[in-house]
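Chemist: First, the structure itself, so that you have it in front of you.
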């Protein structure tokens, strides 16, 4: 039987920027054990992801499933769709109304509607992990474990700059999704990754470099399955991760944290750098927050959390065993 998204209706939601939405449909999927029969793991999807974690077209089948690291025979897996990501058919045109904290607030409301008192873990990669950080600061008792992967509690200037360029492309290009995706792939991977993969080889048939045909392929592929307004929305969220905005500094917020935080960085990540991740870990330890830092070693950069499954499984296994 196909696992289709179910929806919660949230009434009169006002974003931090003051935009009022009389109705927002927050859709979600549940995998594994029925809700309230087992510990619950919330998984927050990344930029082009969705609530379809496992199964046909599932994007994390290597990590989540029966007898896998996040074991669906032991846990209930909950995943919300970021409103406007388009997976449930719902689009939001006014993407500038929203920031990452607004989505965290919506997810918390969803958890309350589902009568969940405490999660076992919140796991999120990239922008999904940034939303997870925002959730924890909004609701310090919400989860036992926070597992932010290839992410951080804030968008850096470098990340904001790349999101700004993404937005320029999305608003000005004649092929916005394809061109924005081509630029994004340069941020998700590394020079070394491309060297290993392509070795300056050419596609004789098309008379172009293989790196060029690969980038075109990724642009075309995304264009077929992703909406322009969804891309703008998710890029806006990536740009606006900042748990400290309007609240003072990070130091003043961490004292309220009760969860055990397991930061997973990537040594070659150009987006959420390992250096920033280590600094976050050091801050947490300084304030006696239960925290650990581990690292995926890979040439592949930010995308390594979707590539290096063996390493990720080994790093996460102790939390979920």
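Chemist: Any idea how many residues of region 265-279 are assigned to a loop (DSSP other than H, G, I, E, B) and either in contact (Cβ under 8 Å) with a residue 40 or more places away in the chain or under 16 Å from the mean Cα position of the chain (by Cα) (or both)?
Modeler: Here the count works out to 6.
Residues checked against (1) part of a strand (DSSP E or B); (2) touching a strand residue (DSSP E or B) at 6+ places or on another chain (Cβ under 9 Å); (3) in the same structural domain as residue 141 (by TED's automatic domain parsing):
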| position | (1), (2), (3) |
| --- | --- |
| 218 | no, no, no |
| 221 | no, no, no |
| 224 | no, no, no |
| 232 | no, no, no |
| 263 | yes, yes, yes |
| 281 | no, yes, yes |
| 293 | yes, yes, yes |
| 304 | no, yes, yes |
| 310 | no, no, yes |
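Chemist: Could you tell me whether any residue of region 140-152 is in contact with a helix residue (DSSP H, G or I) (Cβ under 6 Å, 6 or more places away or on another chain), within 14 Å of residue 238 (Cβ to Cβ) and part of a helix (DSSP H, G or I)?
Modeler: No, every residue in region 140-152 fails to be in contact with a helix residue (DSSP H, G or I) (Cβ under 6 Å, 6 or more places away or on another chain), within 14 Å of residue 238 (Cβ to Cβ) and part of a helix (DSSP H, G or I).
Chemist: Any idea which of 52, 61, 57, 3 is in a loop (DSSP other than H, G, I, E, B), touching a strand residue (DSSP E or B) at 6+ places or on another chain (Cβ under 7 Å) and closer than 23 Å to residue 309 by Cα?
Modeler: 52
Chemist: Please work out which one of (1) surrounded by 23 or more Cβ atoms within 10 Å (Cβ to Cβ); (2) over 19 Å from residue 319 (Cα atoms) is the condition residue 78 fails and give its number.
Modeler: Tallying (1) surrounded by 23 or more Cβ atoms within 10 Å (Cβ to Cβ); (2) over 19 Å from residue 319 (Cα atoms), residue 78 fails exactly one: (2).
Chemist: Go through (1) crowded, with 16+ Cβ neighbours inside 10 Å; (2) assigned to a helix (DSSP H, G or I); (3) in the same structural domain as residue 247 (by TED's automatic domain parsing) and name the single condition residue 185 misses.
Modeler: (3)
Chemist: Since residue 297 meets every condition but one in (1) free of Cβ contacts under 8 Å to residues at least 24 places away in the same chain; (2) surrounded by fewer than 15 Cβ atoms within 10 Å (Cβ to Cβ); (3) in contact with a helix residue (DSSP H, G or I) (Cβ under 8 Å, 6 or more places away or on another chain), which condition does it not meet?
Modeler: It fails just one condition, (1).
Chemist: List the number of the failed condition for residue 288; all other conditions in (1) over 22 Å from residue 241 (Cβ atoms); (2) crowded, with 19+ Cβ neighbours inside 10 Å hold.
Modeler: Status for residue 288: all satisfied but (2).
Chemist: Further question: Anything in region 101-134 that is under 21 Å from residue 278 (Cα atoms), in a helix (DSSP H, G or I) and in contact with a helix residue (DSSP H, G or I) (Cβ under 6 Å, 6 or more places away or on another chain)? List them, or say none.
Modeler: Once the filter is applied, which keeps residues that are under 21 Å from residue 278 (Cα atoms), in a helix (DSSP H, G or I) and in contact with a helix residue (DSSP H, G or I) (Cβ under 6 Å, 6 or more places away or on another chain), region 101-134 yields 127, 130, 131, 134.
The values are calculated or read from the model by the stated rules, or taken from the named source; none is laboratory data. Model, not experiment: these values are computed from the prediction. We place every Cβ from the backbone using ideal geometry, glycine too, and count neighbours over all the protein chains shown.
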